[in-house]
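The numbers here are math on the coordinates, done by the rules we state, and not lab data. The model shown is predicted, which means the values in this text are computed figures rather than measured ones. Positions of Cβ are backbone-derived with ideal geometry, glycine not excepted, and every protein chain shown enters the neighbour counts.
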Amino acid sequence: MAQIKVTLVRGLMGKKPNQVKTVKALGLTKRNSSVVVEESDMIKGMVNTVSHLVKVEEVKK
């Protein structure tokens with residue numbers, strides 16, 4: 001499977017609790033932090049939930 005790099009570009013202050021929990025579950029802690037994860041349906045759904053807060057890039061091998 002492909003890997004994607006997810007970067008948190010906006011802060012979490014004042015966001016809905018489910019969005020904050022989703023960002024934490026992705027492994028992102030503060031602004032400009034990044035994590036590389038395997039692309040799966042579950043991850044796609046999580047990214048879709050917080051798409052306005054994150055930037056997604058495909059990782060080249």
Nearest 10 degrees, 0 to 90: helix 17-26 Cα axis against the chain principal axis: 30 degrees
Expected 222 nm ellipticity per residue - DSSP helices of 4 or more, -39500 (n - 2.57), all of the chain, to 500: -9000 deg cm²/dmol
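What is the calculated FRET efficiency for MET13 to VAL36, with r their C-beta to C-beta distance and R₀ = 35 Å, to the nearest 0.05? Please list the in-between numbers first.
On the way: r = 26 Å, r/R0 = 0.73.
Here the calculated transfer efficiency is 0.85.
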Share of alpha-carbon pairs per 5 Å distance bin for the chain, given as whole %: 4, 20, 35, 25, 11, 4, 1, 0
Selection from ILE4, VAL59, LEU26, by position along the positive dipole direction of the chain (Cβ): LEU26
Gain on full stretching of the segment that runs from GLU58 to VAL20 - 0.36 nm per residue minus C-alpha separation: 11.4 nm
